[in-house]
1. Which aspartates and glutamates have a Cα lying under 14 Å from the Cα of B:K202, excluding residues fewer than 8 positions away in the same chain?
2. Ignore the peptide's own chain and count Cβ atoms of other chains within 10 Å of each Cβ in A:15-27; give me the average, rounded.
3. Distance in whole Å from the B-onto-A rotation axis to the closest C-beta of chain B, together with the residue it belongs to, please.
4. State, as an integer percentage, the relative contact order of region B:52-132 based on alpha-carbon contacts under 8 Å between residues 6 or more apart.
5. Is region B:102-238 best put as rounded, prolate or oblate by its Cα gyration tensor, with a ≥ b ≥ c the root eigenvalues, rounded for a/c under 1.5, and otherwise prolate when a/b is larger than b/c, oblate when not?
6. With charges set only on the Cβ (+1 for Lys and Arg, -1 for Asp and Glu), what does the dipole of the protein assembly as shown come to about its Cα centre, in debye to the nearest 20?
7. Can you list, shortest first and in nm, the gaps between the label point of B:S134 and those of its counterparts in the other copies, using a point 7 Å from Cα in the C-beta direction?
8. Suppose each label sits 7 Å from its Cα in the direction of the beta carbon; what would the B:N22-A:H125 distance come out to in nanometres?
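No value in this document is a laboratory result; all are computed from the given coordinates. What you see is a predicted model, and the numbers here were worked out from it, not measured in a lab. Here the Cβ is made from the backbone with ideal geometry for all residues, glycine too, and neighbour counts use every protein chain on show.
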Number of protein chains: 4
Amino acid sequence: MRELGSAIRDLVIANRILARENVVDAYGHVSMRHPLNPERYLLSCSRSPELVGRSDILEFNFEGEPVDGDPRPPYLERFIHGAIYEARPDINAVVHSHADDVLPFSITSTPMRPAIHNASGMGLHVPVWDMRDSFGDTSLLVATVEHGRDMARTLAGASVVLMRGHGFTAAGRTLLEAVGVSVYLPKNARVLMNAMRLGEVKALSPGEIERIRTGPHAHDLRRAWEYWTRRAGCEDLA
Amino acid sequence: MRELGSAIRDLVIANRILARENVVDAYGHVSMRHPLNPERYLLSCSRSPELVGRSDILEFNFEGEPVDGDPRPPYLERFIHGAIYEARPDINAVVHSHADDVLPFSITSTPMRPAIHNASGMGLHVPVWDMRDSFGDTSLLVATVEHGRDMARTLAGASVVLMRGHGFTAAGRTLLEAVGVSVYLPKNARVLMNAMRLGEVKALSPGEIERIRTGPHAHDLRRAWEYWTRRAGCEDLA
Amino acid sequence: MRELGSAIRDLVIANRILARENVVDAYGHVSMRHPLNPERYLLSCSRSPELVGRSDILEFNFEGEPVDGDPRPPYLERFIHGAIYEARPDINAVVHSHADDVLPFSITSTPMRPAIHNASGMGLHVPVWDMRDSFGDTSLLVATVEHGRDMARTLAGASVVLMRGHGFTAAGRTLLEAVGVSVYLPKNARVLMNAMRLGEVKALSPGEIERIRTGPHAHDLRRAWEYWTRRAGCEDLA
Amino acid sequence: MRELGSAIRDLVIANRILARENVVDAYGHVSMRHPLNPERYLLSCSRSPELVGRSDILEFNFEGEPVDGDPRPPYLERFIHGAIYEARPDINAVVHSHADDVLPFSITSTPMRPAIHNASGMGLHVPVWDMRDSFGDTSLLVATVEHGRDMARTLAGASVVLMRGHGFTAAGRTLLEAVGVSVYLPKNARVLMNAMRLGEVKALSPGEIERIRTGPHAHDLRRAWEYWTRRAGCEDLA
């Protein structure tokens, strides 16, 4: 069970980091696949990420039911997480965010493209999911298992899916990867929007993205985790 | 009278939240309809919202006169509040703000439109009030009962009215609703301005706004209130 | 001498306010006309405004010489202040700033115009001074009495002069007025730049500016002074 | 050895300043030429600049090998520093940064130009290095001596080189100069991007840049060092 305790601690730190780095505000959430049972995931009950502590972390099955029947209200949109863990065995962490700078790419036909080294974890192609296509007028929230699965189908094998007028969801092989993509995606959006106003943009090439993600000089996020943890005031937890 | 004490406490917290979230600066204010007397409203005397405490909250009638003759100077623009409570029995809280990002929509003919889920409380249509139309050259301030009533006529049944070259006023069924709209309207403005530079914008549909505001998965702001209260350093008050 | 002590205290607070509100950074300065001798002005020795304390405030004549021969290095650009006090008996405080958002209007031919109520203290017309016109290639700094006088001639009867590629200088009848204009000019610039990208801009009219500055509902900055003082951590000084 | 202790202290302060002023985040680094041995340079082991302390500073040769065989992992991109010290005997400090606002100029063909006084240390011409030109698809990181030397050839005699999709490197005659350029280059980028949207831009002239950098009224950064040191919470170190 030491592995579970360590996962919960890391998940609490990830919540605080995402709040400190302005990836989430009152809303947004982050989850991890359960380290001992791949059919479960860990996610806070319904609290703003900055306020999440160890005792808020609950265990859910892919249908979004709390495994131990905990009575505290869960996030309505927990179906985002279960659907991705179900569809993507390679994914072990998921972040859902409403960051301002990313949203313009979700409501226009201009594609989000990787323009800067630090954001290459987003991958070459970032699909946009408009739930109106499948469900007509809704509250825009991923409020059912079916909504989540539809979103996961649009995500397919990508790392990030934009959600029209709502936000984005990032899927990582590790918690650090999901957090890193989420921190740098808004920065990539800012750079890309400003660059497009200056002229023709030279984005990263497929070969560059591949090398940054998996080559011998792959982007090492461990230094960033130490830094973000300190900025979020979580040295005591770490 | 316990209900009054609780209303005053919430109003103080709302003042501090609006300051912390950059909705107001030295200027701007927030009021509540009196919980025991619908012909009165509660509003601070003339102080910057970040500095407002319980003892600053006064009771006003719709004409903007302090009910108990308190000698402290009131906000000049208190007429904004009285006029809306008078015209709109459904409204129980009002915020007046000068937030930067919203102002461009008040001085151009580009309409503010709801583009993101969190800001759907603003409604489908946001009217712009230019007091020059009724009053010619003024100080731009809502300095009389007549100014306030003219503004309330432009607001009509909407949730937000933009005030040309000056700011906006948001009207909510609850304090939480008025605060929530005020926090997310500037964010909606940023997203919309950036998106318009990228291309054609897909705004929220009337059906989506309706569902977000009143459907079974309506936007729940209580989680945000807990978060904003903590960020504003008001846990002790709450 | 109590009046002098009070002036020095206010000037120290103004330094800290301008730093806190991001009007100045390591550079920039603020002065007051001496309350007892209109041929002198008070200005810090060469320190960043955030660090200025009472003992840093020196007395200068219009030629920029420290009256009591204090050996601490003065700001190179003190000639800005003397030249304005010399040319404008109505002016009692001067702020010099390099705020980012204002600078684009100093290097293009797009005029800065008052677009929002809070910034009306800038006046209807904001001239741009390019010292290259009179002096050819220079360091861009107002480094001599002649530079200062040339700048003051471009300022003429206005409240603000933009300095090409360098910053702006604001002149106020009171310290509060000079500080207020300096805080709200960058905000006006942001709103104006964003609005110009949305379409035709409706700026304040001459009659509106006049009423905001001198009418019965003139813009009252005292509430802001209390707020800014608190934010700058200067309650103890006030 | 007192000179070495003082250099190390200044380098620690520079790390903290660059973090506080948002020039670097989890990534980026700053080095100094060794004060006693011009064939060596001082650079932290692999830590985020905000967290760097005296004991993290190591000594490297131009090939990027730690002189005393310290086992702590070095920054992968230390080759940036060695290559510049090798090629440019006039340079004594180097900063590498990924600051958002500068990046658009690295991925478009719009040249970065000095538009504001404070940023004149960047020089008249800022070259862009695209390592794809020499090395094809890479991880974009300066991961070998050859990468570093290629970058230094593009830098040539300039003060700043932009790195496509990655960031910039600034080279200074002194640590203060390298830090100053790095702080004001993002500000110059913001002003330039905004100005270009307003119309034709009047940039600094070659004669102005020359005078600001070396004339009798050359830009004095010592006041800024005191201010930045205080903001970074390093008074105790200074």
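1. Once the sequence-local aspartates and glutamates are set aside, what remains near B:K202 is A:D130, A:D133, A:D137.
2. Numbers: counts 0, 0, 0, 0, 2, 0, 2, 0, 0, 1, 9, 14, 8.
Mean partner-chain Cβ count within 10 Å for A:15-27: 3.
3. Spelled out as residue then distance in Å, it is B:R197, 5.
4. Details: 41 pairs, mean separation 12.8, N = 81.
Relative contact order for region B:52-132 comes out at 16 percent.
5. Working: a/c = 1.76, a/b = 1.25, b/c = 1.41.
Since a/c reaches 1.5 but b/c is at least a/b, the shape of region B:102-238 is classed as oblate.
6. So the dipole magnitude of the protein assembly as shown works out to roughly 340 debye.
7. 4.9, 4.9, 6.9
8. 3.6 nm
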